[in-house]
Every structure is written in C-alpha cells, then in structure tokens.
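Below is one structure, written out as structure tokens; the observations come after it.
The values are calculated or read from the model by the stated rules, or taken from the named source; none is laboratory data. The structure presented is a predicted model; accordingly, all values stated were derived computationally and were not measured. Counting neighbours? That spans all protein chains shown, and the Cβs are built from the backbone with ideal geometry, glycine included.
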Amino acid sequence: PTAVNPAKPTAGNPAKPVAVNPAEPTAGDPATSNPAKPTAVNPAKPTASNPAEPTAVNPAKPTASNPAEPTADDPAKLTAGDPTADDPAEPTEPTEPTAGDPTEDDLAEPTEPTADEFVQQVDDYVKSTPTLSIFFKDDNRFMQNMATKLVDLAKDTTTDLASPQVLPMTIEVTMHQQVIYCDDSSSMTNRKGTAEKRWENQKELALRIAKIGTLILPDDQGVALRFINQRTADESANLDLEALGRGFESVSPRGDTPIGTTLRERILEPLVLQPLAEGRFKRPLLVSILTDGGPSREDPGKLARVILECGSELVKNGYPMDCVKFLVGQIGSSKEAVDFLDTLRGNSDIDKVTYVFAGRFDDKFKSFRDQRALDRWLVTTLYQPLANAERRKA
C-alpha cells in the first residue's frame, strides 16, 4: 500500500475508520450509539449523568419520589395482583403432609385413659417384668383396684406421677411392698443432729415415700415403718399416712445403730423369711434404709451379710434374689455415714439388689421447691434399685 493506494487506509480512505467513521470511536467521538469502547462521555460506562446506573436522579432506581416502584401513596402505579402492606400475598396451595408433620389426630385434645386401659397397662408392665409376674400375673383384683386409682391419679394436676414418662416407674414401685426403715439413734438429735434437723427431715422424707408408695394401692394396702432401736405400737405392713405419722410421734431418738441386726429381726424375718417358710410370700419388697451414721454394736459388714443371706433364702425357695431390694440413703453430714455407705456401694455381692444414693438424701429432698419436680425425682430414685436389678439380669 502507498499513500495513494486505497488498500492502505489514509485520512481520506474510509477503509480505515476515522473520526467520522462510527465504526471506531475516538476521544472526540460523541456518538452515543456506539458502546464499543466506554469513555468519559460514552454512555456505555455509567456516570453520574448516565442513566444506565440508577442514581438519586435516575428514575431507573426507585426512590421515595420515584414512581417506578409502587407505594401506598402511589396506587396508580400498582398493577393487578401486586401485594401491598395492607394486601398480603395470596397463600399458596397447601402441600401434601410429610413424615413428621402433625395430623389432626396429633392436635386433638388427649383423652384420659379408662380403667380398662389402665388394667391393660398394668398387665403389660407385669408381664414384661419377671419379678412382678411371679406375684401378680393372676391377681386380677389387685390390678383392677390399682387401675381404678390410676384413673383418679391421671386427673390430679398437682403431680406428674401419672404422666407417660413417669407412670411405668410409679406402677412398678407401688407394686412392691414399701418398708421404710428409719434411724432413731441418739445422733439424730444430738447437737449436730439437731442443727441439721435430721429427725424432722427423715420424718418428712419417710412420709413422702409413703405417699408416693400408696397413691395407687388398693385401699387395704399400705406401707411398713420400722426403727433401728424402738418398736412402735403398730408394726403392720399396711399403714396409711396418718398411722405412719403416729409411729414417728411415738418414738424419741436414743441408743446405738445395730442397723443390720434389726433389719433381719424386725423386717426380713416377719416379712420375708417366715412367709417363705410358710408358703405365703405374696409380694416383692422395697426397703428404704435411712441412716445418719455407721453401724454400732455390730461389725461393719453385718448389714451387707444380712442382705446377701436374704437373697440366698429367696433363691433356695425358688424366687429370684431381687424379689427384695434395698435403697440406702444418708441423713445428715456425718463422715462416718459417708464411709459406711461407700463400703456398701462398692460391695459387688449385693449391688444387684442394693442402690446407695450418692450424697445426702435429705439435702436433695429439701432442695425441691416445686412439688411436681419433687415427686418425679423421688419416684425415679425409688425406682433405681428395680432398674439396677433388671440391668444385671440382661
């Protein structure tokens, strides 16, 4: 190409775009129709005066004074179907329920179980618990009476003992003959014992255990109360709450702590060993042992041996060892009690049928201010010896 050769673009050769050729924009090219190369005056690159990017004066970006976006003050701009603050969006069609969505049945008010339904529940618990099945599988009268009481308990809004989570424990604990074995040694009311209110706390705890253990019992059934040193006027195994209270009133703490000796003589002999020998052992036992110290006037291993001997007698007579179970709880802060209970807790010969409460039983009991929570805790604690026995069978 030469200067006169149009094959080579020149200033006069339109083959090469020049300022008058919009094909290639130049710095002085004001053409707004060519966005090929944005410049300061090229609207292809947004600027403050360039409407390609919304600004405060650019109606492409809605503002308070910009009718491009409908507002409540500018209904003329609204189109049919546009929602406003006063006109919420139309609801969508309901989707098919998925797994886990509540149904009408789930949201319906729960109905109280009937006596017949409770009978079935009690029967199920009995059949699923071998120890209970031995005694109650054919005792329809006992189960029917208990079911009648359960109907009333389910209506009681002051307690959770009939709630679905707690009811199985309430039933199983109640089907055991409750024996409350209390400490009446002199240390209960000595200077430290008085300061800690051991005697008063033990009484309140015993009454609460009795209340839980009798709420759904047939009317002719109750609890047994025994003390380490003294006898009461009524040593029946069927005391109600009033009779149990009278038992406490008739006793004043004094003496030592022959805890194992008395367990055998006043509890196991009349309520287990003699009935076994005479073929009239009719109900499993749960013995709650409350003490504020270690044993005295007997060797420290006596209590554990008595518990073990009881289990051996049961097995000899064709019953599982866990037909008699023990809950042991500490009253007061005596280190002697702590050490003694530690020996029981670590005894593998009796751990199948013995549950030793960790810490001060009376302290935990007194810490509750909510009565419903107290009932849940106490029935759960009473249930622990039963749960231990079942776990060790598995």
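Suppose we filter Ala154, Ala147 for residues that are outside the structural domain of Leu241 (by TED's automatic domain parsing), under 21 Å from the mean Cα position of the chain (by Cα) and in a helix (DSSP H, G or I); which single one remains? Working first, answer last.
Values: Ala147 fails: under 21 Å from the mean Cα position of the chain (by Cα).
Going through Ala154, Ala147 in turn, just one is outside the structural domain of Leu241 (by TED's automatic domain parsing), under 21 Å from the mean Cα position of the chain (by Cα) and in a helix (DSSP H, G or I): Ala154.
The residue that is surrounded by the most Cβ atoms within 10 Å (Cβ to Cβ), counting only those in segment 357-378 that are assigned to a helix (DSSP H, G or I) and over 19 Å from the mean Cα position of the chain (by Cα), is Phe361. Residues of segment 220-243 that are over 16 Å from Ile289 (Cβ atoms) and among the aliphatic types (A, V, I, L, M): Ala233, Ala237, Leu239, Leu241, Ala243. Within segment 281-298, can one find any residue that is part of a helix (DSSP H, G or I) and surrounded by 15 or more Cβ atoms within 10 Å (Cβ to Cβ)? Checked segment 281-298: no residue is part of a helix (DSSP H, G or I) and surrounded by 15 or more Cβ atoms within 10 Å (Cβ to Cβ). Consider segment 179-217 and keep the residues that are part of a loop (DSSP other than H, G, I, E, B) and not β-branched (Val, Ile, Thr). The one that is farthest from Leu378 (Cα to Cα) is Asn190. Residues in segment 312-337 that are touching a strand residue (DSSP E or B) at 6+ places or on another chain (Cβ under 8 Å) and within 21 Å of Glu172 (Cβ to Cβ): Leu314, Cys323, Val324, Lys325, Phe326, Leu327, Val328, Gly329. Please indicate, with yes or no, whether at least one residue in segment 206-221 is in contact with a Ser or Thr (Cβ under 7 Å, 6 or more places away or on another chain), farther than 21 Å from Arg372 by Cα and not small (Gly, Ala, Ser). No: segment 206-221 contains no residue that is in contact with a Ser or Thr (Cβ under 7 Å, 6 or more places away or on another chain), farther than 21 Å from Arg372 by Cα and not small (Gly, Ala, Ser).
For segment 299-337, which positions are among the hydrophobic types (A, V, I, L, M, F, W, C), in a helix (DSSP H, G or I) and over 13 Å from Val272 (Cα atoms)? If the condition is that a residue be among the hydrophobic types (A, V, I, L, M, F, W, C), in a helix (DSSP H, G or I) and over 13 Å from Val272 (Cα atoms), then Leu303, Ala304, Leu308, Ala337 are the ones that fit. Determine whether Thr381 is among the β-branched types (Val, Ile, Thr), in a helix (DSSP H, G or I) and surrounded by 15 or more Cβ atoms within 10 Å (Cβ to Cβ). Judged against the criteria, Thr381 is a match. Considering each residue of segment 218-240 in turn, none proves to be touching a helix residue (DSSP H, G or I) at 6+ places or on another chain (Cβ under 7 Å), under 20 Å from Trp377 (Cα atoms), in contact (Cβ under 8 Å) with a residue 24 or more places away in the chain and among the small types (Gly, Ala, Ser). Kindly indicate the residue of segment 171-225 that is under 30 Å from the mean Cα position of the chain (by Cα), among the charged types (D, E, K, R) and under 27 Å from Arg283 (Cα atoms) and also surrounded by the fewest Cβ atoms within 10 Å (Cβ to Cβ) among those meeting that condition. Per the criteria, the residue is Glu204.
Listed by first and then second residue, the pairs linking a residue in segment 302-321 that is free of Cβ contacts under 8 Å to residues at least 24 places away in the same chain to a residue that is of a type in the set (A, V, I, L, M) and not in a loop (DSSP other than H, G, I, E, B), with Cβ atoms under 7 Å apart and 6 or more places separating them unless they lie on different chains, are Val315/Met321.
Looking across segment 274-314 at every residue that is more than 36 Å from the chain's Cα centre (by Cα) and of a type in the set (A, V, I, L, M, F, W, C), the one that is farthest from Asp351 (Cα to Cα) is identified as Ala277.
Taken over segment 308-335, the criterion of being hydroxyl-bearing (Ser, Thr, Tyr) and within 22 Å of Leu132 (Cβ to Cβ) is satisfied by Ser312, Tyr319.
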